[in-house]
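Structure record follows, encoded as structure tokens.
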Amino acid sequence: APAKAKKTPSKGNNVELSSDGEVEEGMWEMEEEEDGSSEEMVDDYGASSSEEEELLPIEKAALKQKPDREGLSEDDSEEDEEEEEAAEEAGRQKMGQKEEESPDLQLNLDIDEQFKLPTNEQIEREDILFICSNHKLFVAVHDSLMVFLPAEPPDLHIIHQRIKGNMDVLQDFAVKREEGRTRQEYLALLRRDMAAYYSYSDFLLMKLIDIFPLPELINFLEANEVPRPVTIRTNTLKTRRRDLAQALINRGVNLDPLGKWSKTGLVIYDSSVPIGATPEYLAGHYMLQGASSLLPVMALAPQENERILDMCCAPGGKTSYIAQLMKNTGVILANDSNAERLRSVVGNLHRLGVTNAVVSNCDGRQFPKVLGGFDRVLLDAPCSGTGVISKDPSVKTNKDEKDILRCAHLQKELILNAIDSVNAASETGGYIVYCTCSVMVEENEWVVDYALKKRNVRLVDTGLDFGKEGFTRFKDRRFHPSLKSTRRFYPHTHNMDGFFIAKLKKFSNAIPQAQKEAATPSTVPSTVMETQPKKRKLEGSKVDKEQKPPQPALKKRHTLQAQRRPLKT
């Protein structure tokens, strides 16, 4: 093929000359094809008018910028890179300055977001919304017309945030309080918000505020909203904890030992089978029992061959645990005043293999007359149930002052009868364990302090390594200093039901003379002592009046005797 010359483009004609100077004929066609291909490429990039109409404006702008970018030289790209690096360095410097200034900015935000009490109008409006939401109605007032619409419940998220802000202010009240506002206003709003958020009655919330500090009270209320973990107690009369745990794990149960303080307890996290219907349960290898229910029996520490009274035994968990520790020796009297609940006691005792228990249906207040002389007595007294709110949420609203006082009065009667049922001369015993599933002081320390005054008993150590000490003072009342040896358990600190345990040691079977007159005020003995001398004076005056008549005869006798005797010089 002949060698071709270089292309010499010209504005006039597109002609390529051969070596001979002749114009080659196929070049026009090739150029036309090349021009056509270039036009097609332009069309592919969207230069055709038909496709431009279909594209969005932002896409058109991007297509216009693309050729400009392709036309940039390498020097321009390098300059752009340098500019980008400089911009990044400037941005880093600005970020460093912002980080240095962030504490001040955060402080300003905190100042701007300072908690402020709502106005009275806002509070009244929320009260109306809350009351109407309970009745599922909302009252809309417009031009003196009342329209009842479906009610919307109050925004719990706003109430929760307000509780947090209020708590933050109360912890540093002198600095964070709003000017012109008193602490009582903040406490009243906090009590109102907590009652609305956690659904408690105002009475019970006031009682809990008196018992717990405010930060601990929030934790207590939050813990009551979560159920306690499921726990079981191994029945060592039939199996060992290790064997039971392995059998349950083989059935798909996820469990762990309850704690170092218990040798028989297991905590269940989840299970693929019902825990209350496994073959091991039906065979009596374990008992479904709360962790807090193990503690009173551990404090009682029953010994073999003893006579023990469980005054309020239903449903039988503590009774079977006592029999387990006694290895089915001695005698246990399982008593309960409710005959219906005794059915579960009998069933559990048979299932667990307890053979040393006698079940009775008597009123605990009559028990010293029915049978006495026990070595140890366990009194799990009926109470208001304020420690097991997670199991029974109805306690939040259905308890009032009369219920608490009624329970306290019954508990005082039962603890005195329990003390009278114990033999102080027992070689191994003479102990009484009093426990309740309540956190109220009126049902716990108050009752024990009453028993210390009325009977010859003293408080001893419970033998439990954990738990909070009982109150020795509450509001305006002062209790015996030995109440420090009692123990309190809370759901937010020990992850078990609220419980109170006290252990008493009886040192004399005699009832103190001054305390025989029950339900008499302490001022009565002093008045009796004052009236006795007056009676003696009255009796002396009567005797003197009766002795006055014979006085003249005595005088005559003395005068006659004096006349008979010679006078001495």
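The values are calculated or read from the model by the stated rules, or taken from the named source; none is laboratory data. Since the structure is predicted, the reported quantities are computational estimates derived from the model, not experimental observations. We place every Cβ from the backbone using ideal geometry, glycine too, and count neighbours over all the protein chains shown. Remember, those area values only see protein heavy atoms, side chains included, never the ligands or the DNA or RNA. Shrake-Rupley method; radii C 1.70, N 1.55, O 1.52, S 1.80 Å.
Observations on the structure shown:
- LEU295 satisfies every condition listed in (1) closer than 24 Å to TYR431 by Cα; (2) in a loop (DSSP other than H, G, I, E, B) except (2).
- Strands (runs of 3 or more DSSP E) fully within the stretch 429-491 counting 3 or more residues that are open to solvent by less than 60 Å² (accessible area, probe 1.4 Å) and not charged (D, E, K, R): 431-436, 457-460
- Only a single item in (1) open to solvent by less than 20 Å² (accessible area, probe 1.4 Å); (2) touching a residue at least 60 places away in the same chain (Cβ under 8 Å); (3) farther than 21 Å from LEU378 by Cα; (4) not charged (D, E, K, R) is not met by LEU282, and it is number (1).
- Among residues of the stretch 227-277 being of a type in the set (Asp, Glu) and in a strand (DSSP E or B), the one that is least open to solvent (accessible area, probe 1.4 Å) is ASP256.
- Count of residues meeting criterion [assigned to a loop (DSSP other than H, G, I, E, B), touching a helix residue (DSSP H, G or I) at 6+ places or on another chain (Cβ under 6 Å) and among the charged types (D, E, K, R)] in the stretch 298-333: 1
- Conditions (1) on the phi < 0 side of the Ramachandran plot; (2) surrounded by fewer than 19 Cβ atoms within 10 Å (Cβ to Cβ); number of the one not met by ASN328: (1)
- Count - residues of the stretch 189-225 that are in contact with a Lys or Arg (Cβ under 8 Å, 6 or more places away or on another chain), of a type outside the set (A, V, I, L, M, F, W, C) and under 22 Å from ARG177 (Cβ atoms): 1
- Residues located in the stretch 168-184, provided they are part of a helix (DSSP H, G or I), of a type outside the set (Asp, Glu) and either buried (at least 17 other Cβ atoms within 10 Å of the Cβ) or in contact with a Lys or Arg (Cβ under 8 Å, 6 or more places away or on another chain) (or both): VAL169, LEU170, PHE173, ARG183
- Within the stretch 256-277, the set of residues being of a type in the set (A, V, I, L, M, F, W, C) and out of contact with any Lys or Arg (no Cβ under 6 Å at 6 or more places or on another chain) comprises LEU258, TRP261, LEU266, VAL267, ILE268, ILE275, ALA277.
- Of all residues in the stretch 241-265, those that are over 16 Å from TYR321 (Cα atoms) have Cβ atoms under 8 Å from Cβ atoms of residues that are among the small types (Gly, Ala, Ser) and open to solvent by 70 Å² or more (accessible area, probe 1.4 Å), 6 or more apart or on another chain, in ARG251/SER272; GLY252/SER272; VAL253/SER272.
- Checked against (1) in contact with a strand residue (DSSP E or B) (Cβ under 8 Å, 6 or more places away or on another chain); (2) surrounded by fewer than 22 Cβ atoms within 10 Å (Cβ to Cβ); (3) under 30 Å from MET194 (Cβ atoms), GLY387 passes all but a single condition, namely (2).
- Residue among ARG191, ARG183 that alone is within 28 Å of HIS494 (Cα to Cα) and among the basic types (Lys, Arg): ARG191
- The stretch 345-376, residues that are small (Gly, Ala, Ser), loosely packed, with under 15 Cβ neighbours inside 10 Å and either free of Cβ contacts under 8 Å to residues at least 12 places away in the same chain or assigned to a helix (DSSP H, G or I) (or both): GLY347
- Per-region count, the stretch 288-310, residues within 26 Å of the chain's Cα centre (by Cα), open to solvent by 10 Å² or more (accessible area, probe 1.4 Å) and among the aliphatic types (A, V, I, L, M): 3
- Of all the residues in the stretch 189-217, those that are open to solvent by less than 30 Å² (accessible area, probe 1.4 Å), part of a helix (DSSP H, G or I), within 23 Å of GLU442 (Cβ to Cβ) and without any contact (Cβ under 8 Å) to a residue 60 or more places away in the chain number 4.
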